[in-house]
Amino acid sequence: MFNLRNSLLTICWLLFSVTCYSQVSTLQNIQSRKTLSLNGKWNYIVDPYENGYYDYRHDPFDQSKSGSGGFYDDKVQKDKTELIEYNFDLSPQMNVPGDWNSQSEKLELYEGTVWLRRKFNAEPLKDKRYFIYFGAVNYEAHVYFNGKKLGVHKGGFTPFQFEVTDKIKAGENSLVVKADNTRKPDEIPTVNTDWWNYGGITRDVFLAEMPVHFMNDYKLQLAKGSTSLLNFSVQLADATAGQNIILSIPELKLEKTYTTDTEGKVNQQLTINKLSLWSPENPKLYAVNIKSNGENIQDKIGFRTIAVKGNNILLNGKSVFLRGISIHDENPLLAGRLRSEGDMRMMLQWAKEMNCNYVRLAHYPHNEEMVRLADEMGILVWAEVPVYWTISWTNPVTYANAKQQLTDLIVRDKNRASVIVWSVGNETPLSEPRHLFMGNLVDVARTLDDTRLVAAALEVHREGNTIILNDPLGEKIDLVSFNEYAGWYWGGTPSEITRYSFNIKYNKPVVVTEFGGDALGGFHADANTRWSEEYQEALYKNQITLLSKIDALRGMTPWILTDFRSPRRQHPVYQNFWNRKGLISETGKRKLAFFVLKDFYNQMQIKYKY
Ligand code: GCU
């Protein structure tokens with residue numbers, strides 16, 4: 001009996017998840033839609049035993065016959081005899097967007113479920129459709145609206161939405177999110193990462209009001225290899241044929257009208273000669289309007305080409321050196337996820353101060369605003385999904401998760417000129433299952449977007465004084481990118497690492513994704529004393545000498561712009577749960593190595609002047 005019941009429950013769950021959890025693909029350019037921001041103070045309830053989700057027999061309330069009983073019911077005790085052991089109205093509040101770890105000392109290391117609830121007033125119109133849109137929730141989100149389950153989303157760094165047209169009420173509405181940041185072996189990322197597991201609603205939340213025939217997705221980008229032929233595509237959410245779509249770029253006095261096909265799509269090409277091509281030196285963005293019946297979307301889009309040829313990376317046909325730095329989505333001065341445009345602009349401004357023209361947004365999709373700022377500020381971007389370290393390579397559900405996160409990243413940022421690389425992962429141990437898993441992700445990236453480079457941060461190994469890269473994944477990707485920690489994790493002191501040489505199997509442009517070492521800002525000693533700024537300074541000088549031996553070196557993103565929080569860094573004097581490889585400390589202090597890299601990039605700017 002028990003087994004039969006369990007298997008019936010499983011079947012119900014699978015059916016339930018198929019019916020309730022299908023989502024409309026995420027809205028392109030939410031910023032340009034008619035939205036009500038749901039950012040602000042949300043009440044929250046910490047629920048380590050998921051008491052608000054499971055009954056005492058550990059059956060989910062929202063799958064019970066009544067579907068009620070969970071914290072999503074959002075009841076307020078009226079009948080004094082009824083036992084209700086929670087109350088959102090009387091619970092504390094936290095800021096959304098915002099991780100919970102940095103908003104409550106009790107929650108600094110908390111991993112588990114927190115329920116968050118926001119009430120808001122609406123005046124829904126009959127001929128409109130309504131969606132609740134999340135920029136990201138880390139890691140698993142169960143979303144309820146006016147007591148009804150909308151669905152579930154997994155993945156801590158990509159946007160998602162649910163339609164609420166048939167649930168939204170005139171007057172007060174209640175939105176409840178069960179956010180759970182528990183790490184699990186079969187997820188993406190898996191249980192072991194070197195960054196803080198910030199949980200919660202970490203990015204913007206909107207109520208979007210859409211016309212019936214709204215455009216949920218569109219693309220306007222140069223076709224591969226062309227500086228004048230553009231691909232223009234639009235998808236209407238309800239796949240209506242015969243709808244007029246008007247594309248206009250006022251500055252170019254361009255206006256063209258297209259009509260959707262039987263699938264509600266526009267898929268056209270148009271030629272625009274004499275485009276001012278986007279580049280770090282000329283971050284030209286065009287105001288683009290896309291009008292349909294009932295909607296007028298504004299975007300700012302740059303046009304450029306990116307390609308590899310032999311050992312060179314060609315930006316708009318010219319060889320470029322990627323003067324980069326790696327960045328985590330964290331504000332070092334006010335530890336926590338980057339919360340606003342101000343935070344993000346600060347990080348990118350620090351990179352530009354170091355003469356960077358490129359950033360690696362490690363190890364997961366960053367805030368969409370970060371990529372839009374890179375468009376505006378003229379900074380090239382390596383974007384990445386958190387296929388990080390020891391993933392469950394043989395689990396098909398894990399692969400589907402990774403594929404979905406990569407797809408959502410590419411769908412979201414495909415119109416951003418600054419993004420030149422889709423990375424399918426970081427530092428993953430070699431094995432046949434891993435090669436299949438990541439090789440398939442490379443194919444997915446190329447299928448979704450044949451205009452950008454595809455890469456991954458590979459691993460190297462050593463034989464004697466030779467650093468060897470022969471990772472089979474190198475066959476499939478456009479760049480030779482690898483992490484190498486000579487002078488910190490191996491190889492002796494900084495002055496000893498220049499004895500190494502490289503044996504790289506592939507004749508492709510080399511963009512080193514990581515090197516570096518820790519320094520406690522303000523700790524000074526000689527160049528052989530670990531943790532001192534002088535040690536890190538010497539390490540950077542010798543790493544640049546070492547890497548300059550690589551003829552095909554065309555860029556680097558040393559690890560990392562700023563110190564960042566990590567539960568893996570426990571030294572009580574030098575770390576205290578901080579990874580100290582930053583070139584800027586958590587107080588904003590530029591360490592000595594900052595100026596070594598700044599000077600090197602200044603030289604490369606002169607050598608590769610446009
Ligand atoms: C690895 C990894 C980083 C990590 C770094 C380090 O290469 O990619 O995420 O923080 O090394 O050890 O500091």
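Residues of segment 421-435 that are within 15 Å of V511 (Cα to Cα) and surrounded by fewer than 24 Cβ atoms within 10 Å (Cβ to Cβ): E427 alone. Scanning segment 538-552 for residues that are touching a Phe, Trp or Tyr at 6+ places or on another chain (Cβ under 8 Å) and open to solvent by 10 Å² or more (accessible area, probe 1.4 Å) gives I544, K549, I550.
The selection criterion, being closer than 30 Å to E108 by Cβ and either of a type in the set (K, R) or at pLDDT below 95 (or both), holds for R580.
Segment 501-585 holds strands (runs of 3 or more DSSP E) entirely within its bounds, and those carrying 2 or more residues that are within 16 Å of the ligand (Cβ to nearest atom) map to 510-512.
Within segment 433-452, the set of residues being more than 16 Å from the ligand (Cβ to nearest atom) and over 27 Å from S228 (Cβ atoms) comprises P433, H435, L436, F437, G439, N440, L441, V442, D443, V444. Within segment 487-500, being hydroxyl-bearing (S, T, Y) and more than 16 Å from the ligand (Cβ to nearest atom) holds for T493, S495, T498, Y500.
Checked against (1) more than 16 Å from the ligand (Cβ to nearest atom); (2) of a type in the set (S, T, N, Q); (3) over 20 Å from M556 (Cβ atoms), T390 meets all criteria but (1).
Looking at segment 306-316, is at least one residue charged (D, E, K, R) and within 27 Å of N602 (Cα to Cα)? Looking through segment 306-316, at least one residue is charged (D, E, K, R) and within 27 Å of N602 (Cα to Cα).
Sort out which residues of segment 352-387 are acidic (D, E) and away from the ligand (no atom under 16 Å from the Cβ), and write them in order of number. Scanning segment 352-387 gives E353, E368, E369, D375, E376. Of all the numbered requirements in (1) at pLDDT 90 or above; (2) part of a helix (DSSP H, G or I); (3) over 30 Å from the mean Cα position of the chain (by Cα), Y72 misses one, and that requirement is (3). Scan segment 453-476 and tell me whether some residue there is assigned to a loop (DSSP other than H, G, I, E, B), away from the ligand (no atom under 16 Å from the Cβ) and open to solvent by less than 50 Å² (accessible area, probe 1.4 Å). Looking through segment 453-476, none of the residues is assigned to a loop (DSSP other than H, G, I, E, B), away from the ligand (no atom under 16 Å from the Cβ) and open to solvent by less than 50 Å² (accessible area, probe 1.4 Å).
Checked against the criterion of being open to solvent by 10 Å² or more (accessible area, probe 1.4 Å), in contact with a Lys or Arg (Cβ under 9 Å, 6 or more places away or on another chain), more than 19 Å from A136 (Cβ to Cβ) and aliphatic (A, V, I, L, M), the candidates M354, M377, M438 yield just one match: M377. Looking across segment 344-368, the residues that are within 19 Å of F157 (Cα to Cα) and part of a loop (DSSP other than H, G, I, E, B) come down to A362, H363, Y364, P365, H366, N367.
Only strands (runs of 3 or more DSSP E) whose full extent lies in segment 214-305 are considered here, and the ones with at least 3 residues that are open to solvent by less than 20 Å² (accessible area, probe 1.4 Å) are 215-222, 229-236, 244-249, 286-292, 295-301.
Please determine whether any residue of segment 314-323 is out of contact with any helix residue (DSSP H, G or I) (no Cβ under 8 Å at 6 or more places or on another chain) and among the basic types (K, R).
yes
The values are calculated or read from the model by the stated rules, or taken from the named source; none is laboratory data. Keep in mind that this is a model prediction, so the values were computed, not measured. Note that we place each Cβ from the backbone using ideal geometry, even for glycine, and neighbour counts take in every protein chain shown. Areas reflect the complete protein model, heavy atoms only, side chains present, ligands, DNA and RNA absent. Shrake-Rupley method; radii C 1.70, N 1.55, O 1.52, S 1.80 Å.
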